Amino acid sequence: MADLSVAPLNKIKAEIHVPGDKSISHRAVMIGSLANGRSIVRGFLASADCLATIACLKKLGAEIDLAGTKVEIKGSGLRGIKQTRELLDVGNSGTSIRLLSGILAGQPFLSKITGDESIQNRPMMRIVAPLREMGANIIGHSSKGNVYAPLEIHGGGLKPIAYELPVASAQVKSAVLFAGLYADGETTVIERNQARDHTERMLLHFNAAVKLQGLRTKVRGNKDFEGAEVDVPGDISSAAFFIIAALLVPNSELLIKNVGVNPTRTGIVDVLHRMGAKLEVINEQLLAEEPRADILVKTSKLKAIRIDGQIIPRIIDEIPAIAVAATQAEGRTEIVGARELRVKESDRIAAIAATLNRMGADVKELEDGLVIQGPTPLNAAEMDSYGDHRIAMSAAVAALIAEGETRIANTDCIETSFPGFNQLLNGLR
Ligand code: S3P
C-alpha cells in the first residue's frame, strides 16, 4: 500500500489540466457499447473505476479498445450485450455497479455483479427497488441481506414505470434510465432535487429516444441509436482539490484548463464565490452536450457560510475539499442535509471530521453534515485515507498549508479517480 508524504507549499503559479470526468467517462463507454457502430471517446479517464466499467462491458461482449485516453468502441446495438458466466467485478466503483445493473436488468439472462468490501457494504436497495418494479429479478447474496452486493440479476421483459427518486442520486436515476432503454414503452424518472444529468445529456448526444423536461426525464425503450464521438472534459471533482489548494496557499494563481462545468456539478463555484473566493470561470464552450471552461483561482481570504438544501447534490463529491477550505474561513461553516456522505466510498462525515481534527482543525460531526469553526492553523500529522480517494486527496491539500510534513497511509485508492494526482501536486513545487 502506497503512502504519500506532503510538505507545505509557499506559493502556486501554474497552468494545469486535470484528467477526464469520471461520471462522463463511465457513461460514454456504456452508451457507446449499446449504440450501433463505431464510437470514439477522447479524454477518457483511464482510472481504476472507469477501467472496471470497461472490463465488465468487455466480459459482456463489447468490443472496446483503449489507447492512453482514447477509446474506440464497436457497438452492436441494444441487443448486442451477451451473457457471461464470469463474475462482473467493479472494484470500488459505485457508479459502475449501479449503472451496469440498470443495463443488466434489460438483458434476458442471468448475470452476477459485485465489487470490493466497500461496495459490498453500500446500499443497493435504491436501485434494486425500481429495477424489480420494472420486472427484473434481483437477489443480493450478502450476509447483510438480499439487497447488498454480490447481486444476481435476471433481467428482460421489462415494463416501463414512472419513478420518483426517493434520494437525489444520479446513479439511481441512470440505472432506471438504462433499464428504460429495454422497457416496452416510455419510462419516466422524476426528481425532487436535481442530481448530475450526464446520462441524459449523453443519451441526447447519441440521439437516443430521450426527452428532458426539467425535473422529469423520459426514455422510450427498444429504440436503437448510432455511435458518436465524445470529448470528455476535465473532472471538476478532481479540479476541486487544486482549486482549494490555490485559494489557501499564499501568493497563488492557478489556471485549470478544460474543466467540465455542467450546472449540475458547479455547486463548488457557487459555494466558493459566497465564501469570497477569487475564482473565475472563463472561455466556456459546449461539446458533446457538456459545457467546459477554464477556471482561474487566486489566493483568497475566505468567510464562513451555511451550506444546505438544493445545492447539496451539486457539491456532494466536493464536500471533503470544501471542508478543508472551511478550516481557514473566518467564522462557523455549517454543512447540513448531506447524509448521503455517510454511504460513499467511506463514511465521509466521520472521515473528514477525524482527518481535519487530527491536523488541529475544529470540526464537529452532525448526523447529516459538519460544523467547522475557522480559521485554525493546521499541523502535519500521520493520517490514513480510510480507503477513500477523496479523503486522501483532501488530506494532501490540507497538508499544503500545515506546519511540517504530513504522511498519508493507504493512498492507492487515489487511482480510482485521479491517476497522476501525486505527480501533478509535486509539479507545483
Ligand atoms: C455519480 C453520482 C454520485 C457521486 C458519484 C458519481 C455518478 O453518486 O457521488 O461519485 O457518476 O452518477 P450518487 O448518485 O450516489 O449520489
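The values are calculated or read from the model by the stated rules, or taken from the named source; none is laboratory data. Being a predicted model, the structure only gives us computed values, none of them experimental. Note that we place each Cβ from the backbone using ideal geometry, even for glycine, and neighbour counts take in every protein chain shown.
Quick look at the numbers
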| item | result |
| --- | --- |
| I139 under 25 Å from the mean Cα position of the chain (by Cα) and either surrounded by fewer than 19 Cβ atoms within 10 Å (Cβ to Cβ) or within 20 Å of I54 (Cα to Cα) (or both) | no |
| Scope segment 225-245; condition surrounded by 16 or more Cβ atoms within 10 Å (Cβ to Cβ) and more than 16 Å from the ligand (Cβ to nearest atom); matching residues | F225, G227, A228, D231, F242, I243, I244, A245 |
| Criterion (surrounded by fewer than 22 Cβ atoms within 10 Å (Cβ to Cβ) and of a type in the set (D, E)) met by exactly one of E403, E345 | E403 |
| Criterion: of a type outside the set (V, I, T), part of a strand (DSSP E or B), more than 16 Å from the ligand (Cβ to nearest atom) and within 29 Å of A46 (Cα to Cα) - qualifying residue of L204, L254 | L254 |
| Test result for Y148, within 16 Å of the ligand (Cβ to nearest atom), farther than 28 Å from G260 by Cα and outside any strand (DSSP E or B) | yes |
| Residue ID - surrounded by the fewest Cβ atoms within 10 Å (Cβ to Cβ), chosen from residues in segment 207-221 that are touching a Gly at 6+ places or on another chain (Cβ under 9 Å) and in a loop (DSSP other than H, G, I, E, B) | A209 |
| Qualifying residue in segment 35-58 (condition: assigned to a loop (DSSP other than H, G, I, E, B), surrounded by fewer than 20 Cβ atoms within 10 Å (Cβ to Cβ) and modelled with pLDDT of 95 or more) | yes |
| Test: R122 is of a type in the set (K, R), closer than 22 Å to I316 by Cβ, within 16 Å of the ligand (Cβ to nearest atom) and assigned to a loop (DSSP other than H, G, I, E, B) | yes |
| Any pair with Cβ under 7 angstrom, 6 or more apart, that starts in segment 72-99 at a residue that is under 24 Å from D116 (Cβ atoms) and within 16 Å of the ligand (Cβ to nearest atom) and ends at one that is β-branched (V, I, T) and part of a loop (DSSP other than H, G, I, E, B) | S96/V90; I97/V90 |
| Selection status of F241, more than 29 Å from N36 (Cα to Cα) and in contact with a Phe, Trp or Tyr (Cβ under 8 Å, 6 or more places away or on another chain) | yes |
| Number of the exception - L296 against (1) within 16 Å of the ligand (Cβ to nearest atom); (2) part of a strand (DSSP E or B); (3) among the hydrophobic types (A, V, I, L, M, F, W, C) | (1) |
| Residue satisfying condition, being buried (at least 17 other Cβ atoms within 10 Å of the Cβ), touching a strand residue (DSSP E or B) at 6+ places or on another chain (Cβ under 9 Å) and closer than 27 Å to A392 by Cβ, within set L248, L302 | L302 |
| Filtered residues of segment 80-110 (kept if of a type outside the set (S, T, N, Q), part of a loop (DSSP other than H, G, I, E, B) and crowded, with 20+ Cβ neighbours inside 10 Å) | I81, V90, G91, G106 |
| Residue among I322, I311, I352 that is within 16 Å of the ligand (Cβ to nearest atom), touching a Leu at 6+ places or on another chain (Cβ under 7 Å) and either closer than 21 Å to D235 by Cβ or modelled with pLDDT under 95 (or both) | I352 |
| Residue within segment 327-349 that is in contact with a Gly (Cβ under 6 Å, 6 or more places away or on another chain), touching a residue at least 12 places away in the same chain (Cβ under 8 Å) and part of a helix (DSSP H, G or I) present | no |
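Okay, residues lined up against (1) within 21 Å of E290 (Cα to Cα); (2) within 16 Å of the ligand (Cβ to nearest atom):
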{"residue": "H141", "(1), (2)": "no, no"}
{"residue": "G156", "(1), (2)": "no, no"}
{"residue": "P160", "(1), (2)": "no, no"}
{"residue": "E164", "(1), (2)": "no, yes"}
{"residue": "V167", "(1), (2)": "no, yes"}
{"residue": "A175", "(1), (2)": "yes, yes"}
{"residue": "E186", "(1), (2)": "no, no"}
{"residue": "H198", "(1), (2)": "yes, yes"}
{"residue": "A209", "(1), (2)": "yes, no"}
